[in-house]
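J.: One structure, pasted below without further comment.
The values are calculated or read from the model by the stated rules, or taken from the named source; none is laboratory data. None of the values given here were measured: they were computed from a predicted structure. Reconstructed Cβ throughout: ideal geometry from the backbone, glycine too, with neighbour counts over all protein chains shown.
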4 protein chains.
Amino acid sequence: MKLGFIGLGHMGAGMAANLVRDGHDLSVFNRSPGRSGSLTALGAHEARTIAEACRGAAVITMLADDDAAGAIAFADEGLIATLPKGAIHISMSSISVAFSKRLAQAHTEAGQRYIAAPVFGRPDMAASGKLFIIAAGDAATIDQCRPLFDALGQKTSVIGEEPWAANLVKLSGNFLQAATIESLGEAIALIGKAGIDRRAYVEILTSTVFNSPAYKIFGQLIAEGKFEPAAFAAPLGYKDIRLALAAAETLRVPMPMGSLLHDRFLRLLAQGGSHLDWAAVGGLAAQDAGDGP
Amino acid sequence: MKLGFIGLGHMGAGMAANLVRDGHDLSVFNRSPGRSGSLTALGAHEARTIAEACRGAAVITMLADDDAAGAIAFADEGLIATLPKGAIHISMSSISVAFSKRLAQAHTEAGQRYIAAPVFGRPDMAASGKLFIIAAGDAATIDQCRPLFDALGQKTSVIGEEPWAANLVKLSGNFLQAATIESLGEAIALIGKAGIDRRAYVEILTSTVFNSPAYKIFGQLIAEGKFEPAAFAAPLGYKDIRLALAAAETLRVPMPMGSLLHDRFLRLLAQGGSHLDWAAVGGLAAQDAGDGP
Amino acid sequence: MKLGFIGLGHMGAGMAANLVRDGHDLSVFNRSPGRSGSLTALGAHEARTIAEACRGAAVITMLADDDAAGAIAFADEGLIATLPKGAIHISMSSISVAFSKRLAQAHTEAGQRYIAAPVFGRPDMAASGKLFIIAAGDAATIDQCRPLFDALGQKTSVIGEEPWAANLVKLSGNFLQAATIESLGEAIALIGKAGIDRRAYVEILTSTVFNSPAYKIFGQLIAEGKFEPAAFAAPLGYKDIRLALAAAETLRVPMPMGSLLHDRFLRLLAQGGSHLDWAAVGGLAAQDAGDGP
Amino acid sequence: MKLGFIGLGHMGAGMAANLVRDGHDLSVFNRSPGRSGSLTALGAHEARTIAEACRGAAVITMLADDDAAGAIAFADEGLIATLPKGAIHISMSSISVAFSKRLAQAHTEAGQRYIAAPVFGRPDMAASGKLFIIAAGDAATIDQCRPLFDALGQKTSVIGEEPWAANLVKLSGNFLQAATIESLGEAIALIGKAGIDRRAYVEILTSTVFNSPAYKIFGQLIAEGKFEPAAFAAPLGYKDIRLALAAAETLRVPMPMGSLLHDRFLRLLAQGGSHLDWAAVGGLAAQDAGDGP
């Protein structure tokens, strides 16, 4: 398929490479230049403008947040202005519910198609085509995109015809992961201050009743106090908690654990942790206890 | 091995059965009578007193809480008074760190051996011999008990030579599970009030990035609002959160998520939920939102 | 002084009356009509448009929130478009820090003067001229407005030259009052469920160590469970907590008690309490306890 | 009146002095010696044993906590063993509800009378006879003690015939004060990081809508970050929050603000703040914000 790919960050670069390897005719664009070298070596075209990335049957966006996605979508010569009628915008970024609704309306008005397909997975899963994709939007359009999703992920789940629903599922999932980080942080602070070996504890937990990747990855990072380099940076985690809480406010759903996580992330950033992995939230409990790995 | 088994509740009955089936010579005791019928049918002996269950090389206790365990251990003709010197008390109950230390000292003074081996798993896992066992205590004694553990569980993990360490690991694990319940409760409240199908949401989550038994079991119960019958009753969950927080107080480790869970459980009980599964804590977020499954 | 007054709600109506009684030549305006009858009877002029209220040396606004204030300030024939150069906008509404900054900039660009002067006090204090006024802005301009403030309040405090500072002080004050409501709610829930008479308790507290109007007013309302009619409605309290937290987010200041209050208000509104006094947040603790007055 | 006074700490020393000055025949006792010099200079007798302080019509105890009160009451030659039948024990310490009930029962069994009369006020108020006294117990007994209370405090309030009720009121009052500390801490952290002068802010708040001693005292300490010397030490504040929460647990009353305060105090102690005034809890918000006075 001839398509564009916009956003070549930690996640997007690996995803785009998988699409090229799968035989797609890809035009890649990134706002800050110099990110497409390895992709053009694989056979991708470098688009010098957003418009150049919008000449195919579909364009995928993988951007940091609402602001970045808005700068691509609503620029003068941007995605909505230049994407052909009937072409598909596949938004894979973690954006807000409100912004996803705004995109949906703008595409409808412009005669274009829009689906949301945010992903779960860290950069290594993006690079190896092992993402989990949560898709929502018109069913026929999603079906048309399945070959792309198959190249990017290990599984695609569809959560209905309203694109924003996929964004809400994604945000709720990051809330659940952040809750795992904080709960592990408190458990490890407790165990560690009791004098039990933190790594042995995590090894036991995650080889038995908490035998899942999230507990393993976060448990190990927290037990070692190793929060650099960031696979998913704290400001991004904070953003997703804020967006989940913004949706919860609109729907009038109090989320006390969400509020706790919000305050933990805000503290981490206030204390200079913007460069750390979001797992660093799991180190605050030990700090409160006057202890740590 | 000739051994005793005290405590034939939801968990203990299945565990004792597995030991009998594995060929052990088991004397079983329960404080309230009438619980041993199916076990004697399998070949177990019914002990009419604690002392009768304490005549072998080891005795296993599987009791509800510190009070129940204390009533067995420190009764006039109780476990500590009657267990032979050198025999082993394998305490598999979820008891407090402080009470485990007290047991350790009492057994040492009485010339007996004591290991703690609390378990993770719901009654169905107890019945099928699939528990996860966390053991701590003298290494040689634990080795001697391995055949018993192999009959009871799918894996035994050793966390050191201090028995209380196993109890703390167990309590921390139940804290982590309770955190999963609450976080799922908030996420499902959010998703549900947005109009997304709760079961489809849980199905998607738990077939992708949260593909673990805890998320599946609790997610389904919360999505359906189905909290009866209780596999693990709310008062037991509350007890374990309290014991985790009691250990945290002693060690001076603030656990804000633990405090949140404490208040959730206390509310559930105050509002009449003592008969419900502890997953019912996950229904409070929807109640706060004026919504629910 | 010839001046305008915009916003004749529970607070504004009483304030405007005091200015008329003090001899000022007042043109009053309210977006929804029919609120100026008693004021014109006192001698005020009814302005039929915003512009008509903006023909004097100053105009006071007393509006519900940022949206209402924005609709007055930034309308086509609105306050900023029609206020004469050099005239003063005295914004007494509880608005956000961000919106206050936006107003300041717009007035500067239009050659007008702007001070913020939000107030503490319930409608009865507005009617009796007993408000506490927190002012910020150019010192000479504030001095010029002092006769107005003297007619409206019992005391005016100046917190610097940046108008937004007064808004932040006001928001922080409402946060402190909301914290008083919640803490009283928890204390009264505890005392009441213990069987102690709630009113006697509040009477003792507030005649001794908590001898201040806030504890008396809120304590009595909570002890009696009497939250109607609303002197200050729950949605307004919620708005102010949100604005305080929005400022705290921008400044990166985690406020866990603020987050708790946020979730309490959100729950009150989600459960149908929009018509209640904000003191109704103080009734939630008893509800959690399965009890109440 | 001939009476004993046990417990000559920061509070008790000043209280005992007022009783001597009021003409009472006082035998004073303190477990650690060397505290009675100034009192004997005023005319008090030094009791060398608890029993010597228990020879009058009444004995007042003013001790740090349940443990200290228990060591006096239940010692072999202690208060309950030696107080004459019909004599009155006036317990003015901040003790737990459970321990107050235990004392009541022990005194009844010993044929003695017991009332609880805990106080609000810092050491300077104790020294100047300006305490607020909350009394509960048999009405006639309380009447008999009124001359003593008049010498000690500015007002005595009676909250019923069950002594423990006075203890619960006292604990709830300290919870309310701790909530004031934390809320002021968050407000001052917000204001301070915004660049507004902290002392000017507190001055404005407490000369207007928060014109009460608690806001003045705590606001000033927090604005200045001045937490030494301690007028009321953090471990005592922590103790009272724990006792309030213990009563709340027994009564099944969730207190989320209480839990937040509990975790704040635990953190303060874990981080080495045991020597600080309890107002130091109000400094944690600024620490979280990476800022401070």
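J.: For the range B:198-234: of the residues being within 8 Å of another protein chain (Cβ to nearest Cβ) and assigned to a loop (DSSP other than H, G, I, E, B), which is surrounded by the fewest Cβ atoms within 10 Å (Cβ to Cβ)?
T.: It comes out as B:Ser207.
J.: Follow-up question, since we're still on this one. Which residues, counting only those in the range A:210-225, are without any contact (Cβ under 8 Å) to a residue 12 or more places away in the chain, more than 17 Å from A:Asp124 (Cα to Cα) and touching a helix residue (DSSP H, G or I) at 6+ places or on another chain (Cβ under 8 Å)?
T.: The one that is without any contact (Cβ under 8 Å) to a residue 12 or more places away in the chain, more than 17 Å from A:Asp124 (Cα to Cα) and touching a helix residue (DSSP H, G or I) at 6+ places or on another chain (Cβ under 8 Å): A:Phe210.
J.: Further question on the same structure: Which of the residues that make up the range C:264-282 are part of a helix (DSSP H, G or I) and within 21 Å of the chain's Cα centre (by Cα)?
T.: C:Arg264, C:Phe265, C:Leu266, C:Leu268, C:Leu269, C:Trp278, C:Ala279, C:Ala280, C:Val281, C:Gly282
J.: Condition first: assigned to a helix (DSSP H, G or I), at pLDDT 95 or above, surrounded by fewer than 24 Cβ atoms within 10 Å (Cβ to Cβ) and touching a strand residue (DSSP E or B) at 6+ places or on another chain (Cβ under 6 Å). Can you find one or more residues in the range C:156-163 that meet it?
T.: no
J.: Within the range B:272-289, can you find the residues that are surrounded by 18 or more Cβ atoms within 10 Å (Cβ to Cβ) and either facing another protein chain (nearest Cβ under 8 Å) or among the small types (Gly, Ala, Ser) (or both)?
T.: B:Gly273, B:Ala279, B:Ala280, B:Gly282, B:Gly283, B:Ala285, B:Ala286, B:Asp288, B:Ala289, listed by residue number.
J.: Let me ask something else about it. Among the listed residues D:Leu79, D:Leu83, which satisfies the condition of being over 22 Å from the mean Cα position of the chain (by Cα) and surrounded by 24 or more Cβ atoms within 10 Å (Cβ to Cβ)? Step through it out loud before you land on a result.
T.: Details: D:Leu79 fails: over 22 Å from the mean Cα position of the chain (by Cα).
Step by step, each of D:Leu79, D:Leu83 is checked, and only D:Leu83 is over 22 Å from the mean Cα position of the chain (by Cα) and surrounded by 24 or more Cβ atoms within 10 Å (Cβ to Cβ).
J.: Right, next: Six or more apart or on different chains, Cβ under 9 Å: which pairs go from a residue in the range A:66-80 that's assigned by TED's automatic domain parsing to the domain that holds A:Pro235 to one that's surrounded by fewer than 18 Cβ atoms within 10 Å (Cβ to Cβ)? Could you list them?
T.: Close Cβ pairs (under 9 Å, with a partner that is surrounded by fewer than 18 Cβ atoms within 10 Å (Cβ to Cβ)) do not exist here.
J.: Another question, if that's okay. Of everything in the range D:80-137, what is of a type in the set (A, V, I, L, M) and either on the phi > 0 side of the Ramachandran plot or part of a loop (DSSP other than H, G, I, E, B) (or both)? Give them in sequence order.
T.: Across the range D:80-137, the qualifying residues are D:Leu83, D:Ala87, D:Met92, D:Ile95, D:Ala110, D:Ala117.
J.: Residues in the range D:252-271 that are more than 7 Å from every other protein chain (Cβ to nearest Cβ) and closer than 30 Å to B:Gln271 by Cα: how many?
T.: Of the range D:252-271, the ones more than 7 Å from every other protein chain (Cβ to nearest Cβ) are D:261, D:264-265, D:268.
So of that shortlist, the ones also closer than 30 Å to B:Gln271 by Cα come out as D:261, D:264-265.
Residues flagged as more than 7 Å from every other protein chain (Cβ to nearest Cβ) and closer than 30 Å to B:Gln271 by Cα within the range D:252-271 amount to 3.
J.: Determine which member of the set B:Pro229, B:Pro235, B:Pro147 is touching a strand residue (DSSP E or B) at 6+ places or on another chain (Cβ under 8 Å) and in contact (Cβ under 8 Å) with a residue 12 or more places away in the chain.
T.: Values: B:Pro235 fails: touching a strand residue (DSSP E or B) at 6+ places or on another chain (Cβ under 8 Å); B:Pro147 fails: touching a strand residue (DSSP E or B) at 6+ places or on another chain (Cβ under 8 Å).
Unique residue meeting the criteria: B:Pro229.
J.: Quick check on this structure: which one of B:Ile90, B:Ile95 is in contact with an Asp or Glu (Cβ under 9 Å, 6 or more places away or on another chain), within 21 Å of B:Arg122 (Cβ to Cβ), β-branched (Val, Ile, Thr) and in the same structural domain as B:Asp138 (by TED's automatic domain parsing)?
T.: B:Ile95
J.: Name the residues in the range C:235-249 that are among the aliphatic types (A, V, I, L, M) and within 14 Å of chain D (Cβ to nearest Cβ), would you?
T.: Restricting attention to the range C:235-249, the residues satisfying the condition of being among the aliphatic types (A, V, I, L, M) are C:236, C:241, C:243-248.
Result: C:Ile241, C:Leu243, C:Ala244, C:Leu245, C:Ala246, C:Ala247, C:Ala248.
J.: Still on this structure, I have one more. Give just the number: which of (1) in contact with a Phe, Trp or Tyr (Cβ under 6 Å, 6 or more places away or on another chain); (2) part of a helix (DSSP H, G or I); (3) within 7 Å of chain A (Cβ to nearest Cβ) does B:Ala179 not satisfy?
T.: B:Ala179 satisfies every listed condition except (1).
J.: Something else about it: Take the residues in the range B:164-175 that are in contact with a Ser or Thr (Cβ under 9 Å, 6 or more places away or on another chain), within 7 Å of chain A (Cβ to nearest Cβ) and touching a residue at least 60 places away in the same chain (Cβ under 8 Å), then tell me which one is surrounded by the most Cβ atoms within 10 Å (Cβ to Cβ).
T.: B:Leu168
J.: For the range D:1-74, please list each of the helices (runs of 4 or more DSSP H) lying entirely inside it that holds at least 3 residues being crowded, with 16+ Cβ neighbours inside 10 Å and in contact with a Leu (Cβ under 6 Å, 6 or more places away or on another chain).
T.: D:10-21, D:66-73
J.: A further question follows. Looking only at the range C:195-205, decide whether some residue is among the β-branched types (Val, Ile, Thr) and over 21 Å from D:Leu171 (Cβ atoms). Show your work before the answer.
T.: As a first pass, look at the range C:195-205 and keep what is among the β-branched types (Val, Ile, Thr): C:196, C:202, C:204.
Within this subset, residues satisfying the condition of being over 21 Å from D:Leu171 (Cβ atoms) are none.
No; the residues of the range C:195-205 include none that is among the β-branched types (Val, Ile, Thr) and over 21 Å from D:Leu171 (Cβ atoms).
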